[in-house]
Amino acid sequence: MNNTMDNALYIRHLETLLQRYRIAISQFQLDTIVVSAGSLSHYFEDDNAHPFKPFAAAQQWLPFALPAGSFIVIKQDKPELIWPAQQDFWHMSNAIPEGEWQSHWRITPVNDDSWVQSLSSNSAFIGPDAIGSLTHRHDLMTWLNYDRAIKTDYEIACLEAANQIAAKGHLAAQQAFLSGASELQTHLAYLDATQQDAIGTPYPNIVGINEHAAVLHYEQKSSQRPFRPLTLLVDAGASYQGYASDITRTTTSLNDDFSALLQDMDTLQQSIASQAVAGIAFVELHQKTLHGVAHLLKQHDLCSLSIEEQLAKQIPHHFYPHGLGHFLGLQVHDVGGRQLDATGTLQNPPADSPFLRLTRDLCPNMVITIEPGLYFIPMLIEKLKAQQPNHGCNLKKIDKLMSHGGIRIEDNIVVGIEGVRNLTREAFDTLI
């Protein structure tokens, strides 16, 4: 985004937020809503602080990272930013960022909490901690979370930028792996290409080689290169003005059965992503993906049962145990995925897919991930053998592929009325 476009999008974004919050003020019969960015926390029995990440509902208001101790105050007039201005010779002071955004805000630097005394007694608070007698209003937060699923043009532009940054990292990681890098070296190549440190990424990078690619949230990063590297799975994103990308790519070093499976999984992933249009139930897309995984198992001689038999016996669920995707925004797993209305009515996932995070029907300008997978996870294969004797699976071939770990391919999608916008594929297309 250039500055002119950035400012115009931000102003419209701010207007949308003010409209949403003023509706909430009316609905809950309030004078004021206060949103806290949060405060620093520390490791147990230590003066070393955890990395600070502002509360998403506060971060949504400003086009820069909010510091600990800041607050957003919303009434019927111009929004107010309470800015921590305490003097501290141990740390860098929090300088208020310059920019056109300031003309749309009242900015109040404070060095204590005396500003709280000016709040109306009819105020509501959302966020961590508490101020005065005000504590977090869960019902108000639930109400606001429902609309947060619909992204403004500004938010989509931020998510687009986050995808562009992350795509550079994924290409660098892939090249590092193919050039002989370990997991740790691949991770560092990603960070260097994206110009982030590990604390700045929206979530800890998953960088798994071989069997580690079958650990869904693999967090370790070995400094030792395997003797025979076969597969790399990188699940990593980037942040832009608080908004996260969440991208996964799987790379194989050989032209073999696994590479053929990877190619067909990519085709399935793109097909499912193209169907994520307004009006479709996300649960339906997940079921189509299970059907697609069953087809891959049959096509690649991993299971001899028909697709219908596989689904009846839940064979694909043992190779694809997670949900198809989730909302994406200020949080990697953004809020409201199972929320059917502003009051908090929930739609639980199907019993056979308990980890599905998104059960709503899709609407224009929702941003979601589409991330099917196919893994060779020893504990799930053993469970399948124990619970389903007539599984029809080619255990010899599965055992051969176990050393490859698995496959996940993940793109970030903007839902449209007649089609979708794939932010991730767009980002890669500009680099390749």
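A few points about this structure:
- Gain on full stretching of the segment that runs from residue 275 to residue 314 - 0.36 nm per residue minus C-alpha separation: 11.7 nm
- Note on residue 86/residue 197: beta-carbon distance plugged into 1/(1 + (r/R0)^6) with R0 of 22 Å gives a FRET efficiency of 0.30.
- Overall form of the chain per C-alpha gyration tensor (a/c, 1.5; a/b vs b/c): prolate
- Seen from residue 218, the other residues with C-beta closer than 10 Å to its C-beta sum to a net charge of -3, counting Lys and Arg as +1 and Asp and Glu as -1.
- Angle of helix 153-178 to the longest C-alpha principal axis of the chain, folded into 0 to 90 degrees and rounded to 10: 40°.
- The chain - percent relative contact order, Cα under 8 Å, separation 6 or more: 16 percent
- Taking Cα centre as origin and charging only the Cβ of basic (Lys, Arg, +1) and acidic (Asp, Glu, -1) residues, the dipole magnitude of the chain rounds to 780 debye.
- Note on the chain: with a GNM built from Cα contacts shorter than 10 Å, the maximum mean-square fluctuation among 273, 351, 172 falls on 351.
- For the chain, the longest principal axis of the alpha carbon atoms and the long axis of helix 3-27 meet at an angle near 80°.
- Environment charge at residue 394 (Cβ cut-off 14 Å; Lys +1, Arg +1, Asp -1, Glu -1): +2
- Spin-label model distance (nm) - residue 351 vs residue 263, 7 Å beyond Cα toward Cβ: 4.1 nm
- Anisotropy class of segment 139-207 from Cα gyration tensor, a/c 1.5 cut: prolate
- Linear extension gain, residue 108 paired with residue 385, 0.36 nm per residue minus alpha-carbon span: 93.3 nm
- Over 25 Å between alpha carbons, listed pairs 221/313; 168/400; 75/151; 53/221: 221/313; 168/400
- For the residues 72, 377, 280, a GNM of the chain with alpha-carbon springs under 10 Å puts the largest fluctuation on 280.
- 3J(HN,Hα) couplings calculated from phi for segment 63-69 with the Karplus curve 6.51 cos²θ - 1.76 cosθ + 1.60 (θ = phi - 60°) are, in sequence order, x, 7, 6, 6, x, 4, x Hz; Gly and Pro show x.
- Difference of contour (0.36 nm per residue) and Cα-Cα distance, residue 299 to residue 179: 40.0 nm
- Calculated SAXS-style log₁₀ I(q)/I(0) at q = 0.15 Å⁻¹ - segment 1-150, Debye, Cα scatterers: -0.83
- Cα long-axis angle, helix 378-387 against the chain (0 to 90 degrees, to the nearest 10): 60 degrees
- Anisotropy class of segment 187-344 from Cα gyration tensor, a/c 1.5 cut: oblate
All of the numbers you see were taken from the coordinates with simple rules; none came from a lab. Just so it is clear, the model here is predicted, and its values are computed rather than measured. Neighbour counts run over all protein chains shown; Cβ positions are idealised from the backbone, glycine included.
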